[in-house]
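Shown next, in structure tokens, is the structure this report addresses.
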Amino acid sequence: MGASNSKSERVYVYGNDVPIGFTPQLQEKLVKDAETGASKVEPPKPAASAPSDMEEKVDALVAKELARILEKNQLDDMKARDRNASTTELLNEIRDISRQIQASPSTKSPTFAKALQARDRVATCLRDNSGRALDCWSEVAEFRALTATIEKEFASGSN
């Protein structure tokens with residue numbers, strides 16, 4: 001593990017036989033900058049502004065920030081209204097579908113009531129025989145037969 005750290009590795013240095021060259025334009029610019037001292041970047045001096053200029057700048061920045069905040073609030077309000085509207089529409093659709101299901105003739109048939117009772121018997125049997133679901137085969141068979149009857153009634157359009 002630590003043995004590799006104690007080994008000394010040889011370092012190879014390869015010589016570069018290719019001469020380094022600069023373009024004449026770069027050489028001229030470097031010489032010119034060195035003579036004039038233009039290569040040194042001086043920080044910009046703060047401009048002496050009148051107090052009214054500073055106030056105008058501050059007022060402009062404040063107005064810009066207020067406009068941004070106002071626009072953001074308006075967008076948030078619009079999103080909230082859209083969300084509430086879509087939620088209300090969805091709840092209305094759910095209520096309509098629930099009414100249609102309750103008014104459907106298949107839920108009023110005597111076979112439907114028997115199927116609900118059979119479903120409850122299957123659930124009770126499965127709870128009582130946890131780990132032994134195959135013991136509930138007769139309840140499951142009865143429930144399947146009743147649901148097949150309900151499907152046939154629905155397909156034929158009779159009660």
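The values are calculated or read from the model by the stated rules, or taken from the named source; none is laboratory data. In this text the structure is predicted, and so the values were computed from the model without any measurement. Side chains are part of the model used for accessible areas, which takes the heavy atoms of the whole protein and leaves out ligands, DNA and RNA. Shrake-Rupley method; radii C 1.70, N 1.55, O 1.52, S 1.80 Å.
Just how much of V58 is accessible, in Å², when a 1.4 Å probe is used and the result is rounded to the nearest 10?
Looks like 80 Å² after rounding.
Extension gain E55-T124, at 0.36 nm per residue separation less the Cα-Cα distance, in nm?
Going from the current span to full extension adds 16.9 nm.
Students often forget the sequence filter, so: which aspartates and glutamates lie under 17 Å Cα-Cα from K79 once same-chain residues fewer than 8 apart are removed?
K79 reaches E71, E89.
So what does F143 come to for accessible area, using a 1.4 Å probe and Å² rounded to 10?
Using a 1.4 Å probe on the heavy atoms, I get roughly 60 Å².
Of the heavy-atom accessible surface of segment 109-159 (probe 1.4 angstrom), what whole percent is carbon and sulfur?
Carbon plus sulfur share of accessible area: 58 percent.
Please state the equivalent ellipsoid semi-axes for segment 57-98: what are the square roots of 5 times the Cα gyration tensor eigenvalues, largest first, in whole Å?
The three semi-axes for segment 57-98 are 41, 4, 4 Å.
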